Structure formats: C-alpha cells, structure tokens
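Undergrad: I am attaching a structure below and will ask some questions about it afterwards.
The values are calculated or read from the model by the stated rules, or taken from the named source; none is laboratory data. Owing to the predicted nature of the structure, the values given are computational and were not obtained by experimental measurement. Because the Cβ atoms are built from the backbone with ideal geometry, glycine has one as well, and the counts that use them run over all protein chains shown. Protein only, heavy atoms only, side chains kept; ligands, DNA and RNA dropped before computing areas. Shrake-Rupley method; radii C 1.70, N 1.55, O 1.52, S 1.80 Å.
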Amino acid sequence: MDQKFTFSSTLKLRLAGLIGLGLIVTIYGFISNPDKTWANLLLNNFYFLSLALGAMFFVALQYVTESGWATMFKRLPEAMSFYIIIAGAIAILLFFGMPSLYEWAEPGVTDHDALIAHKSPYLNVPFFMIRLVVVFAIWLLLMVIMRRYSLKEDAEASLALFNKTKRISMAFIFLFVVTFSIAAIDWIMTIDAHWYSTIFGLRAIISALYYAIAVMILLAFFLRGKFGIFQEMNVAHRHDFSRYIFRLSIAWGYLWFVQYLIIWYANIPEATTYFVTRVNPPWSPLFYLEFILNWTIPFLVTMSDDFGRKKVVLISMSILLLIGFYIMLYLQIMPGTIGEMHFGLIDVGMFVGFAGIFLYFFFTFFSKAAIMPVNHPYLKESMTKEL
Amino acid sequence: MKTPNIIGIFDNDDQVVEAIHTLKSKNIKIADVHAPFASHHILKDLGKESRIPYGSVLAGAFAIVATFSFIYWTSVINYPIVFGGKPNFSFPAWVVVIYLMTILLTFIGTVIIFQMRTKMNFGKKAELMHIDSTEDKFVMIIEQDADITEKEVQNIKKMLSDHGAIEVRMDN
C-alpha cells in the first residue's frame with residue numbers, strides 16, 4: 001500500500017534530454033529572434049502553470065465536495081502542482097522581456113497613447129511585478145501547506161487533518177479565482193492593452209481545470225501501463241474522468257461563445273479588432289481549430305458515457321485537448337506580440353523543454369511520497385468504487 | 001385465468017440487489033421491481049437499462065434542426081429586415097435561441113417519448129402492487145409461468161424471505 005514510485009535514471013536521463021533540448025533552443029531563440037522567444041517563454045510558462053494550478057484546484061474541489069472517487073489519484077495532481085516553483089522563477093525572469101511583450105511597458109508609450117495613459121495607474125511595471133510576486137507567494141504558500149498536511153496524514157491517521165485540508169481547500173478555491181484572474185489578465189490579456197474582456201479570467205480558470213484533468217488522465221494511464229501502479233483503476237474511474245471532460249467542455253464552449261457573442265453583437269471597434277485579427281488569415285485556421293478541438297470534438301465524442309469511458313477515447317481526447325490548449329494560448333498571445341504566424345523550431349523546441357521540466361518536477365515529487373494517500377478517509381471508497 | 005404473481009416486499013435496495021443475483025443464478029425471471037427511488041444497481045442487475053437518453057439525443061437533434069430552420073425562414077426568407085446593421089443571416093445571435101429551444105424541446109420530447117414507450121398517458125390510474133412502494137419499500141414482482149409447480153413457488157418464496165423480504169405474497 002505505502003509503496004513508493006522510483007524515478008528511474010533512464011527516465012531522468014530522457015527528461016533531462018528534453019530539458020537540454022529546450023534550453024539549447026531557447027538560447028538559440030534569444031540570439032536569433034528574442035521577441036518570439038519571450039512570447040514563447042510566456043506562453044509555455046502559462047501553459048504549464050495552468051496545469052499545475054488546475055491540478056491543485058482539482059484536489060481542492062475533491063476536498064470541498066467531499067467526493068471520494070479520485071482519492072486514489074490524489075498524488076498525481078499534488079505532484080503536478082510543484083511546477084508552480086519553476087513557474088514563479090520564470091515569471092520573474094519575464095521582467096526583462098516586458099518591453100518586447102507588452103505595449104504598455106515600453107518606455108514613453110503613455111506620452112502618445114491616451115488609453116494606456118489612462119490605464120497606467122494599474123498597468124505599470126512596478127505594480128505589475130508586485131502583483132506577480134504576491135500571487136505566486138499565495139499559491140506557493142497554499143501548495144506547501146496542502147502538501148504538508150497530506151504527508152502528515154500518511155504518518156498519522158486523523159480526521160482532523162482531513163478537516164484542516166478541507167478548510168485550506170475552501171480558502172484556496174476563493175483565492176485561486178481571484179489571483180488567477182489577476183494573473184491571466186496581467187500576463188495575457190494586457191498584451192492587447194487596448195482590448196479587454198471581463199470574462200477573460202474565468203476562461204483561464206475553467207481552462208486550467210479542464211486541461212489539468214486531461215494531463216491527469218494521460219499520466220494515470222502512463223503510470224498504469226508502464227509501471228503497473230493504479231491497478232485499481234476501473235470503469236468507474238474512467239467514467240468519472242470522461243464526465244469531467246464532458247462537463248468542462250460545455251463550460252469551456254459556453255465561456256468561449258459568451259466572450260465572442262457579446263463582442264460580435266455590441267460591435268464596438270475597440271473590442272472587435274481583437275477578433276477581426278483572429279478570424280482573418282493567417283490566424284483564421286487556428287481560430288476555428290481552437291473551437292473544434294476544445295469543444296466540438298470532446299463534446300460529441302464523450303456525450304455517450306459508454307463510449308466516452310473507453311481507454312482509447314479518453315487518451316485521444318486528452319491529447320487533443322492539450323493541443324487545443326496550446327492553440328488557445330497561441331491565439332491569445334502571438335497576434336499581439338509577434339504579429340505574424342511562424343510556427344517553427346523555437347515554438348516546438350521550447351514546448352518540449354517546458355514539458356520536460358514539468359514532467360521532471362512531477363516525477364521527482366511523485367516519487368517522494370507514497371503512491372496512495374494511505375490514511376485518507378476516502379481511499380477505500382475510491383479503490384473499491386463500482387459503477 | 002391469469003396466474004397470480006409472487007410479490008416480495010423489501011426494506012432496502014441492497015437486499016433487493018442480492019435477491020436479484022440469487023434469483024438470476026437460478027434462472028428465475030423477474031418481471032419488475034418497483035422502487036421508491038431510481039437505483040442504478042437495480043436497473044443494471046435487472047438488465048433493464050433505460051434507452052431514454054437516446055430518445056433525448058434524437059429530440060435534441062430535431063430541436064436544433066427545427067429551430068434553425070424556423071429562424072432561417074423567418075429572418076432570411078420570409079421577412080428579411082435589417083436589425084442594427086447586422087446581416088440577415090447572423091448565426092451567432094441565433095445560437096442562444098437555438099440553445100434554449102434545444103433545452104425546451106428536448107425536455108418536452110423526452111417526456112412524450114417516455115409516455116409513449118411506457119404507455120403512461122395523462123390521467124391514467126396508478127397500478128400499484130403495494131402502496132408503500134411510493135414511500136419506502138421495494139416491491140419485487142415475479143410472474144408465474146403456467147407450468148410452474150407448487151414446489152418451485154414455495155422455493156421462490158423461501159428465497160425471497162431468506163434475502164430479507166419482510167412480506168411475501170401472491171397477488172394479481
């Protein structure tokens with residue numbers, strides 16, 4: 001029961017290879033095309049930060065709703081959330097790339113741009129950095145507390161720890177909604193400083209949970225197939241995973257459409273330019289692909305629960321979703337920063353590098369605790385779950 | 001003359017599920033179980049998985065097509081009038097209407113399909129095997145074949161009470 005996962009040296013070496021590749025590409029990128037490299041750094045960091053925070057959000061949801069089905073997988077999201085440490089470091093590094101990423105951060109832009117001058121009490125570099133540090137401090141603090149309670153629970157069985165974690169989870173959900181809205185608006189939305197969408201933060205929150213589930217599914221099947229853990233995973237767990245994808249696909253599609261419909265209907269030039277850029281070439285294929293990959297296909301495929309809970313369906317949907325997430329962020333970041341579509345070596349290489357870091361952190365911290373949270377009150381319910 | 005059914009009345013669903021397993025392993029056909037609430041276990045073990053979701057999907061697909069055609073006919077073909085400078089065929093604005101109409105028509109359609117399949121029309125008098133099945137009791141109904149022997153009937157009755165049936169009787 002309390003066996004641990006061993007992070008084998010071959011796996012370590014492979015992931016280190018990915019990280020090395022990413023590092024080389026990043027250095028090459030900074031020499032040949034710094035603007036694009038900064039944009040990619042932001043994109044990939046936000047991509048994996050979303051997954052980490054979404055995983056933490058998932059754990060908190062299980063505690064607050066006192067649901068037991070996912071307790072067996074609890075160490076997965078827990079280990080995923082450790083990427084926040086790296087994300088914080090890279091986000092602070094972004095300070096040096098701000099003039100190339102954000103129009104409002106260019107020195108002297110307030111002199112000739114009235115709108116940005118109007119927004120400057122909020123959108124200025126010192127306050128931006130303060131917000132950045134504060135949100136990361138909150139996430140790191142909550143992550144450390146939740147992990148500590150979780151490890152403590154392994155040593156001593158007590159219901160008090162469960163209740164404490166539940167209270168922390170409530171605080172986390174509240175703080176996550178506020179802080180992640182701030183983060184998404186600050187780092188992504190202000191790239192197009194003249195445009196704003198009030199639903200932007202909510203979209204980022206739903207996306208974080210949506211894609212974190214996809215990563216959890218892939219990791220669970222990978223660990224089961226390669227290392228033989230999570231043998232207790234049965235049709236009931238697959239069913240719940242597929243329901244998560246189905247329902248979050250509805251939420252995602254709803255929010256996407258709400259954002260689009262209001263802007264389309266009101267037809268204010270300031271707001272529509274954002275979409276006019278994206279529905280016209282070269283971005284238009286990605287614009288439609290984003291919606292198809294993130295809503296249409298998952299919604300139609302997982303609608304039938306008998307079909308949606310098949311292993312191959314779950315895995316292929318998760319992979320599609322991760323591609324969809326990349327396209328979503330690519331469309332949010334790239335038109336405003338580099339302005340032209342050149343998907344190439346830098347984009348692929350940096351994504352691979354970041355994926356390597358994410359997985360390296362995941363496996364490191366996954367191997368540090370017992371695979372099952374042995375003393376969790378809902379563990380038995382989770383392991384013997386029937387449909 | 002119709003042979004009377006064997007009726008077992010149970011207190012909780014776990015006992016019903018166990019009784020179903022035992023009876024099924026002895027190849028005894030259970031006609032139905034009346035329960036105060038929907039239970040997936042009972043439905044699954046009886047082999048009576050509902051096909052109503054497929055009916056709902058059909059109703060929903062019909063609703064999408066019907067609503068789209070109706071709006072298209074009104075605002076593009078029959079009465080093309082320009083609102084706020086939008087084109088006549090302005091699909092994004094229709095999505096909301098189609099979405100809400102899909103919910104409404106799916107619901108109505110599902111109810112109609114359900115009533116047609118179960119032959120439960122409005123004003124139909126309830127056929128209750130036991131009045132408590134509307135409150136807190138589970139009623140299991142086993143239809144007798146014409147050639148069933150008295151010994152087998154006694155056997156079934158014994159099995160039901162072994163599994164915790166609080167009452168076993170014969171009834172039409």
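Undergrad: Of all residues in the stretch B:81-92, how many are open to solvent by less than 60 Å² (accessible area, probe 1.4 Å) and at the interface with chain A (Cβ under 10 Å from one of its Cβ atoms)? Lay out the reasoning, then the answer.
TA: Filtering the stretch B:81-92 for residues open to solvent by less than 60 Å² (accessible area, probe 1.4 Å) gives B:86, B:88, B:90, B:92.
Checking the rest, the ones that are also at the interface with chain A (Cβ under 10 Å from one of its Cβ atoms) come to B:86, B:90, B:92.
Selection size over the stretch B:81-92: 3.
Undergrad: Something else about it: Looking at B:V111, B:V95 in this structure, which one is open to solvent by less than 70 Å² (accessible area, probe 1.4 Å) and within 14 Å of chain A (Cβ to nearest Cβ)? Reasoning before the result, please.
TA: Working: B:V111 fails: within 14 Å of chain A (Cβ to nearest Cβ).
Exactly one residue qualifies, and that residue is B:V95.
Undergrad: Condition (residue is within 14 Å of chain A (Cβ to nearest Cβ), over 30 Å from B:Q154 (Cβ atoms) and free of Cβ contacts under 8 Å to residues at least 24 places away in the same chain) applied to the stretch B:8-26: is it met by at least one residue?
TA: no
Undergrad: Among the residues of the stretch A:226-252, what is the count of those that are over 24 Å from the mean Cα position of the chain (by Cα) and open to solvent by 30 Å² or more (accessible area, probe 1.4 Å)?
TA: 7
Undergrad: Which one of A:L61, A:L94, A:L21 is within 24 Å of A:F363 (Cα to Cα), open to solvent by less than 60 Å² (accessible area, probe 1.4 Å) and in a helix (DSSP H, G or I)? Talk me through it step by step, then tell me what you get.
TA: Details: A:L94 fails: within 24 Å of A:F363 (Cα to Cα); A:L21 fails: open to solvent by less than 60 Å² (accessible area, probe 1.4 Å).
Sole residue among the options that is within 24 Å of A:F363 (Cα to Cα), open to solvent by less than 60 Å² (accessible area, probe 1.4 Å) and in a helix (DSSP H, G or I): A:L61.
Undergrad: Right, here's the next one. Looking at (1) within 30 Å of B:D14 (Cα to Cα); (2) within 14 Å of chain A (Cβ to nearest Cβ), which one does B:H34 not meet, given that it meets all the others?
TA: B:H34 satisfies all of (1) within 30 Å of B:D14 (Cα to Cα); (2) within 14 Å of chain A (Cβ to nearest Cβ) except (2).
Undergrad: Another question, then. For the stretch A:229-311, please list each of the helices (runs of 4 or more DSSP H) lying entirely inside it that holds at least 1 residues being among the β-branched types (V, I, T) and within 14 Å of chain B (Cβ to nearest Cβ). Before you say what the answer is, go through the steps one by one.
TA: Values: elements: A:235-266, A:269-279, A:284-291, A:297-301, A:305-308.
Helices (runs of 4 or more DSSP H) meeting the threshold: A:235-266, A:269-279, A:297-301.
Undergrad: Consider the stretch B:36-60. How many of its residues are more than 12 Å from the chain's Cα centre (by Cα) and open to solvent by less than 50 Å² (accessible area, probe 1.4 Å)?
TA: 7
Undergrad: Would you be able to say whether some residue in the stretch A:119-126 is in contact with a helix residue (DSSP H, G or I) (Cβ under 8 Å, 6 or more places away or on another chain), open to solvent by less than 30 Å² (accessible area, probe 1.4 Å) and in a helix (DSSP H, G or I)?
TA: no
Undergrad: Can you name every residue in the stretch A:110-133 that is more than 22 Å from A:T37 (Cβ to Cβ) and of a type in the set (A, V, I, L, M)?
TA: Start the filter on the stretch A:110-133 by keeping residues that are more than 22 Å from A:T37 (Cβ to Cβ), which leaves A:110-124, A:126-127, A:130-131, A:133.
Matches in the stretch A:110-133: A:A114, A:L115, A:I116, A:A117, A:L123, A:I130, A:V133.
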